[in-house]
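Student: The structure that follows is given in the form of structure tokens.
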Amino acid sequence: MRLLYSLALLALSISQSHAAQIALIIDDIGYRHTDQAVLALPSTVTLSVLPHTPLGEELANAGHKKGHEIMLHLPMQALNGKALGLGGLTNTMTEAQIRASVVDAINSVPFAKGANNHMGSLLTQLDDPMLWIMETLKQKHLYFIDSMTTRFTKAGETADQLGVPLLKRQLFLDNDTSAKALERQFNLMISQAHTQGNLVAIAHPYPETMRFLKANLQRLKTEGIDLVPASSLLPIGIAHKSGTNPAVTLR
């Protein structure tokens, strides 16, 4: 009996040590006062902040203070021509302009440990701009998460070539913010996490999404899934090298 009990405890320990993991990133943060709702989410949710926005620096500081991992949500040119806002990167910019813009964006978001692209369905397909962006991120010790806004993206390929720590978005939670659609995507997120072992999901600070997450994130624990900061899913040996950039200071 004692042997069976010990074996059961060992099996439970092994199961817990191999729990599925989800990195949930909330991006598009910085423009709206309602974005402050992200601070009520568990501290293991990663916050990706747009550069040079009215509330970006404030929310990055507040999020870091509450234990959230902070990322830079870097605006990149889209095929639909949608306006990018300050800090946006386009195919008409020179190498020097892109590099300087990326550095300015990093400096505008305190405590940023990584970056992901905001839009970018055009720019992420281009070799030279992605090379300049990734080289700058590498110099500043930031990891990169490809938001996968186009299947033709070269962001991941370029990051791999340069040794920039890389993850890829596997699921968007809230392209549709209806209750039915959010529930469907949440269940899909759980299913994929169990199947794949870990998963990177992206959502946005829409009021509907915030209400849904506050009411449902505890279901992950019931499902045996750990909610973790994005950098926790980086390959072992890389995660500890990606830290708060020394150039990023409180201002």
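The values are calculated or read from the model by the stated rules, or taken from the named source; none is laboratory data. Note that this is a predicted model, so its numbers are computed, not measured. Cβ: placed from backbone, ideal geometry, glycine included. Neighbour counts: every protein chain shown. For accessibility, only protein heavy atoms count, side chains too; no ligands or nucleic acids. Shrake-Rupley method; radii C 1.70, N 1.55, O 1.52, S 1.80 Å.
Student: In Å³ and rounded to a whole number, note down the convex hull volume per residue for the Cα atoms of the chain.
Tutor: Convex hull of Cα atoms, per residue: 139 Å³.
Student: Between ASN91 and residues 5 or more places away or on another chain, which pairs have amide H atoms under 5 Å apart, with H built 1.01 Å from N, and which residues are they?
Tutor: none
Student: Residue by residue through segment 102-111, which ³J(HN,Hα) values in whole Hz follow from phi under the Karplus form 6.51 cos²θ - 1.76 cosθ + 1.60 (θ = phi - 60°), with glycine and proline marked x?
Tutor: Here the 3J(HN,Hα) series is 5, 4, 4, 5, 4, 5, 7, 10, x, 6 Hz.
Student: Hey, if we sort THR124, THR149, THR34 by accessible area with the 1.4 Å probe, largest down, what's the order?
Tutor: THR34, THR149, THR124
Student: On to the next question. Less than 22 Å apart at the alpha-carbon level, and either on another chain or at least 8 residues along: which lysines does that give for LYS82?
Tutor: In chain and number order, the partners are LYS154.
Student: Okay, next question. What are the ³J(HN,Hα) couplings of segment 78-83, residue after residue, when phi is run through the Karplus curve with 6.51, -1.76, 1.60 and θ = phi - 60°? Round to Hz, x for glycine and proline.
Tutor: 9, 5, 7, x, 4, 4
Student: As an exercise, use a Förster radius of 45 Å and the Cβ-Cβ distance of GLN196 and ASP127 to find the FRET efficiency, rounded to the nearest 0.05.
Tutor: So the FRET efficiency works out to roughly 0.95.
Student: Apply the a/c threshold of 1.5 to the C-alpha gyration tensor of segment 61-146 and tell me whether it is rounded, prolate or oblate.
Tutor: Prolate shape, in that a/c is at least 1.5 and a/b is the bigger ratio.
Student: Still on this structure: Report, by chain and number, residues whose modeled amide H sits under 5 Å from the one on HIS118, excluding near sequence neighbours (fewer than 5 apart, same chain).
Tutor: LEU74, MET76
Student: Just to verify a number: what accessible area does ARG211 come out at with the full protein assembly present, 1.4 Å probe, Å² rounded to tens?
Tutor: 150 Å²
Student: Same structure, new question: Set the Förster radius R0 to 51 Å, insert the Cβ-Cβ distance between THR94 and ALA62 as r into 1/(1 + (r/R0)^6), and round the FRET efficiency to 0.05.
Tutor: With R0 = 51 Å, the Cβ-Cβ based efficiency is 0.90.
Student: Tell me the chymotrypsin sites (Phe, Trp or Tyr not before Pro) within segment 81-157 that lie in a loop according to DSSP and have at most 14 other beta-carbon atoms within 10 Å.
Tutor: Listed in order of number, the matching sites are PHE152.
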